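So the structure is just underneath, and the comments pick up after that.
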Amino acid sequence: MRAKLPWILFVLSFVVNLFFVAGVGYGVFTKERLERSPQARLDFIAERLDLDEAQRQGLLELRETLRSRREDSGAQRDDVRAAMLAELGKPSFDRDAMLALIDQRDTQRRERIVDGAEQVHTYLMTLDPPQREQFLALARERGFWRGLVGRKTSRD
């Protein structure tokens, strides 16, 4: 029995590792995973809400507007971050200057969120009440906004 124990453990370890690798490969290479692009998500939303062509175009424009605002805000965040790092590099710490920079960053963030919410609201008003409810139900799902807006790729 002792001579068989290492072989049994080896085979058991091999099988467990094989299932692990198969699971990882399945997650990486499945069609669903590959199609989680913003365009696929846009198509999914359009089908789920039964959007007409004008509403679908409006959703595409909403996505592009939100993307553009996000990209524009990146430069603002970088500017504030650079100013904060410059403050940290000074010989003496200026608490008021750092608080002002943090307030500036927070104000920009709040404005970006409110602007985006206004854009979404404008789009929602083009939908029928049941479509609006369905859109809001989808929006509650984790990752909805990231999936909708996503990053701009050559596939879009």
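For this structure, a couple of remarks:
- Order of R112, R142 - criterion: other Cβ atoms within 10 Å of each residue's Cβ, fewest first: R142, R112
- On the basis of the beta-carbon distance and an R0 of 30 Å, T122 and D50 show a calculated FRET efficiency of 0.90.
- Percentage of interatomic Cα-Cα distances in the chain larger than 19 Å: 69 percent
- Once both labels are positioned 7 Å from their Cα atoms along Cα-to-Cβ, the gap between D106 and F19 label points is 5.0 nm.
- The chain: angle of helix 129-139 to the longest principal axis, Cα-based, in degrees nearest 10: 60 degrees
- Label positions at Q57 and S37, each projected 7 Å from the Cα along the C-beta direction, are separated by 2.3 nm.
- Label point distance in nm, D115-A137, each placed 7 Å from Cα along Cα→Cβ: 3.3 nm
Bear in mind these aren't lab numbers, they're just calculated from the coordinates by the rules spelled out. None of these values were measured; they are calculated from a predicted model. Reconstructed Cβ throughout: ideal geometry from the backbone, glycine too, with neighbour counts over all protein chains shown.
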